[in-house]
Amino acid sequence: MRILVTGCFDIIHPGHIHLLKEAAKLGEVFVIVARDSTIKRYKKEKPIIPEQQRLEVIKSIKYVSDAVLGTEGNGDHGYLQFALTLKPDIIFLGPNQRTSVNYLKEGLKEYHSDHIQVRRLEKIYDKFELNSSTAIKEKIKIYSKNKKT
């Protein structure tokens with residue numbers, strides 16, 4: 001089975017590795033790494049790590065068969081058209097990805113691809129305190145602030 005995972009992957013952390021490991025249990029993992037412009041549009045801030053560097057890191061993770069950069073300027077369900085070129089059997093979402101399962105299923109219907117399953121990893125990997133890019137960024141801010149004083 002071909003498993004598609006998408007995301008920003010700005011600062012790689014154990015939660016990302018857990019997501020990719022769980023996806024690999026289902027089949028061969030293909031990743032779409034979000035473009036810098038896409039992250040800026042949706043999160044209203046630029047990523048810390050540039051897209052080519054994020055792509056190279058994701059490609060080096062043992063659970064990933066291949067990874068590509070997403071397309072630019074693809075609103076609504078438009079990114080699905082690109083995702084479908086990878087011929088996934090399952091689109092596997094992380095537990096804190098903003099996209100809803102139902103939203104994706106509706107988009108898949110538009111492309112006559114509703115045979116593709118959409119699943120979400122339900123539980124956030126909470127073995128460590130710094131289990132998200134946001135938590136890591138906040139810790140860095142605190143560290144930087146304390147270092148100045």
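Things worth noting here:
- Sequence-distant residues sharing a close amide H with Val118 (under 5 Å, placed H): Ile91
- Proximal aspartates and glutamates to Lys141, defined as alpha-carbon separation beneath 18 angstrom and excluding residues fewer than eight positions away on the same chain: Asp10, Glu45, Glu129
- Sparse-neighbour loop sites [trypsin sites (Lys or Arg not before Pro); region 80-149; at most 15 other C-beta within 10 Å; DSSP]: Arg98, Lys123, Lys127
- Helical segments meeting 15 Å axial Cα length and Kyte-Doolittle -0.5 threshold in the chain (DSSP H): 14-26
- At an R0 of 22 angstrom, the distance between the Cβ atoms of Lys21 and Ile124 translates into a FRET efficiency of 0.95.
- Of the trypsin sites (Lys or Arg not before Pro) in region 35-74, the ones in a loop by DSSP (not H, G, I, E or B) with at most 11 other beta carbons within 10 Å are Lys44, Lys62.
- Residues Lys137 and Gln52, FRET efficiency given R0 of 30 Å [Cβ-Cβ distance, rounded to 0.05]: 0.90
- Over 28 Å between alpha carbons, listed pairs Lys25/Lys137; Lys127/Lys148; Lys21/Lys105; Lys62/Lys147; Lys59/Lys137: Lys25/Lys137; Lys127/Lys148; Lys62/Lys147
- Among the chymotrypsin sites (Phe, Trp or Tyr not before Pro) within region 61-149, those in coil by DSSP and having at most 14 neighbouring Cβ atoms inside 10 Å are Tyr111, Phe128.
Since every read-out is calculated from the coordinates, none of them should be taken as a lab result. Just so we're clear, the structure is a prediction, and the values are computed from it rather than from any experiment. Heads up, the Cβs are rebuilt from the backbone with ideal geometry, glycines too, and the neighbour counts pull from every protein chain shown.
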